[in-house]
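The block underneath contains the structure these notes are about, expressed in structure tokens.
The values are calculated or read from the model by the stated rules, or taken from the named source; none is laboratory data. As the structure is a computational prediction, the values presented were derived from the model and not from experiment. Cβ placement follows ideal geometry from the backbone for every residue including glycine, while neighbour counts extend to all protein chains displayed. Protein only, heavy atoms only, side chains kept; ligands, DNA and RNA dropped before computing areas. Shrake-Rupley method; radii C 1.70, N 1.55, O 1.52, S 1.80 Å.
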Amino acid sequence: MKRAKKPKYLNRKVTINGETFDSQKEYKRYCELSLLQKSGAITDLQRQVKFVLIPAQYETYERYGKNGKRLKDGQRCIEKECSYYADFVYKEKGITVVEDTKSKATKTTEYIIKRKLMLYVHGIKIKEI
């Protein structure tokens, strides 16, 4: 008999109306933000917005056909991009807010580095809830 895989951070995914949230805390925050948007306190609420922190790195290489004829140079990816997905992005009083729902367990070293890169690369300070 196969055992169910435990979530990495002991969170429970929540699916409501076809939308999946990584935790109950994230779902509750989405409900709060939805109400704020309906009341007009915030606008343009979005979920899971991608921010590229470091673009993919490519190298160019020479290509030749079977007959030895030189072809157009090729490119291969040597490092994939590093990106951050924000839980929520919205506007409050005309200012863009990037928000992430965090617990002690999910505040990993990787997240902290990405948070610092968001500030350095995009000039955006992440609001942690």
Next item on the list: Could you tell me what percent of the accessible area of the chain is made up of carbon and sulfur, with a 1.4 Å probe and every protein chain present?
Entry: 52 percent
Check: For the stretch 118-129, in order, what is each residue's ³J(HN,Hα) by Karplus, 6.51 cos²θ - 1.76 cosθ + 1.60 with θ = phi - 60°, in whole Hz (x at glycine and Pro)?
Finding: 4, 5, 6, 7, 9, x, 10, 8, 7, 8, 9, 10
Next item on the list: Amide H neighbours of LYS102 under 5 Å, at least 5 residues apart or on other chains, H built in the peptide plane: list them.
Entry: ILE129
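Given a 1.4 Å probe, how much area per residue of the chain is accessible, in Å²?
Per-residue accessible area for the chain comes out at 78 Å².
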Note to self: Exposed loop sites here are trypsin sites (Lys or Arg not before Pro) in DSSP loop states with at most 16 other C-beta atoms within 10 Å. What is the longest stretch of the chain lacking them?
What the structure shows: 14-65
Check: In whole angstrom, how far apart do the alpha carbon centroids of the stretch 21-42 and the stretch 50-114 sit?
Finding: 27 Å
Note to self: List the aspartates and glutamates whose Cα sits under 17 Å from the Cα of LYS125, skipping any in the same chain fewer than 8 residues away.
What the structure shows: ASP87, GLU92, GLU99, ASP100, GLU110
Next item on the list: Express the relative contact order of the chain as a whole percentage, based on alpha carbon pairs under 8 Å and six or more residues apart in sequence.
Entry: 20 percent
Check: How much mean residue ellipticity at 222 nm does the chain get from its helices, if each DSSP H run of length 4 or more adds -39500 (n - 2.57) and you divide by all residues, to the nearest 500 deg cm²/dmol?
Finding: -6000 deg cm²/dmol
Item checked: Debye-sum result for the chain in log10 I(q)/I(0), which assumes one identical scatterer on each alpha carbon, at q = 0.13, 0.17, 0.19 Å⁻¹ -> -0.70, -0.98, -1.14
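For the stretch 77-129, what's the relative contact order in percent, using C-alpha pairs closer than 8 Å and at least 6 residues apart?
Working: 45 pairs, mean separation 17.8, N = 53.
In percent, rounded to a whole number, it is 34.
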